[in-house]
Amino acid sequence: MRKIIHIDMDAFFASVEQRDNPELRGKPIAVGFDGPRGVVSTASYEARPYGVHSAMSMAQAKRRCPQLIVVPTHFEKYKEVSQQIHAVFHEYTDLVEPISLDEAFLDVTDNKKGIELAVDIAKEIKQKIFERTSLTASAGISFNKLLAKIASDMRKPNGIFTVHPDRALDFIGSLPVEKLWGVGPKTANRMHEMGVFTGAQLRRISCEHLVQVFGKMGRVYYDFSRGIDNRPVVVAYERKSVGCERTFLEDLHIDTKIIIELYHIVLELVERIERKDFRGRTLTLKLKWDATTQITRSLTQEKVLRTKDDILPLAKRLLKDTEYHDRPIRLMGLSVSSPETNDKEGQNRPQWVEGFLPFSDDKHKR
């Protein structure tokens, strides 16, 4: 049986800003862009009682908390601190799966220090992170990633929580279905319509019926309701795409401004491709018309897309086939995907893919 730890830093960006600026300590702050379309990246714990949370528009956050202090992001600083934190992880195990700058899974079944109990390792890691960064972290411990992830949220901030194998079923059974990995607001609403509100109620639904309603995810929900998660801690992922996007302060509706912005996004994309040494053949354009609708269009080429001369003509071609003349653009993005190493016979033929996707900004991140 594996021993998995999930470490999640507490209000990471906000905590770093409060650490480095004593005047911000104990005050409600939000990290992000303070503009008409700014979004909260992280809210301090002092701001959360007012209902301020990540992914909320900054305007709404300021309405909920008039005394909110908005602090601009400093990603290079957060990356530097994140490297310090991950260095601590690797003192105990090389089986570290980064999820973001501020959280990761660790498989400590066979750890470098020969410590028997995962809870003791988690305590040491939390202490070392605090000693080296003056920041607190919360830890969840269990025998799989699902339970460790849920456990890390149980006693935030600066908490530690263990789900033992003999208590897993009762623990899952008592949870709202929203706590299960992969159950977002729409899925939760569908489950509620089925009369399913807790893990125990979900456990009563047959696998066949869950698959019928939710497709292949139905099997996942069936397993999760029983505390089953066989996914290993993955040390490194193969990068599938490289992209960038911009949300504009004012909707773009003038053709020349749209082309200029597209040009700048292409330049940024080329720089990222070069930095990541990425090789892909599919270019995807994303346009967001308003708060609820976005369109994506893709084109696959035979050659690898790496330079401005490769990408800009294709980007213009994709843009031309949209309704950008008739509808103002709120967000524009480009990405290159289909890594060369994953190409299969027949994938190199040019192909168009078009889809309309609902867009929601109400993802909450702790």
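Of note:
- For the stretch 24-47, a residue qualifies if it is open to solvent by 10 Å² or more (accessible area, probe 1.4 Å) and within 21 Å of residue 137 (Cβ to Cβ), and the qualifying residues are 24, 25, 26, 41, 42, 45, 46.
- Scan the stretch 309-330 for residues that are part of a loop (DSSP other than H, G, I, E, B), open to solvent by less than 60 Å² (accessible area, probe 1.4 Å) and of a type outside the set (Ser, Thr, Tyr) and the total you get is 1.
- Enumeration of residues in the stretch 239-264 that are assigned to a helix (DSSP H, G or I), among the hydrophobic types (A, V, I, L, M, F, W, C) and under 29 Å from residue 59 (Cβ atoms): 258, 260, 262
- Residue 115 being open to solvent by less than 10 Å² (accessible area, probe 1.4 Å), of a type in the set (Val, Ile, Thr) and over 19 Å from residue 155 (Cα atoms): no
- Those helices (runs of 4 or more DSSP H) lying entirely in the stretch 178-238 with at least 1 residues without any contact (Cβ under 8 Å) to a residue 40 or more places away in the chain and under 19 Å from residue 149 (Cα atoms): 185-193, 199-203, 217-224
- Qualifying residue in the stretch 186-198 (condition: modelled with pLDDT of 95 or more, surrounded by 13 or more Cβ atoms within 10 Å (Cβ to Cβ), of a type in the set (D, E, K, R) and out of contact with any Phe, Trp or Tyr (no Cβ under 7 Å at 6 or more places or on another chain)): yes
- Put simply, of 238, 245, 302 the only residue that is touching a Leu at 6+ places or on another chain (Cβ under 7 Å) and open to solvent by 30 Å² or more (accessible area, probe 1.4 Å) is 245.
- Residues that are at pLDDT below 95 and among the polar types (S, T, N, Q), drawn from the stretch 85-127: 100
- Evaluation of residue 55 against (1) under 18 Å from the mean Cα position of the chain (by Cα); (2) assigned to a helix (DSSP H, G or I); (3) not β-branched (Val, Ile, Thr) (one fails), failing number: (2)
- Test result for residue 101, of a type in the set (A, V, I, L, M), within 21 Å of the chain's Cα centre (by Cα) and more than 22 Å from residue 18 (Cβ to Cβ): no
- Residue among 50, 78 that alone is surrounded by 16 or more Cβ atoms within 10 Å (Cβ to Cβ), among the hydroxyl-bearing types (Ser, Thr, Tyr), farther than 29 Å from residue 89 by Cβ and modelled with pLDDT of 95 or more: 50
The values are calculated or read from the model by the stated rules, or taken from the named source; none is laboratory data. Note that this is a predicted model, so its numbers are computed, not measured. Cβ sites come from the backbone with ideal geometry, for glycine too, and all protein chains shown count toward neighbours. Accessible surface areas use protein heavy atoms only, side chains included; no ligands, DNA or RNA. Shrake-Rupley method; radii C 1.70, N 1.55, O 1.52, S 1.80 Å.
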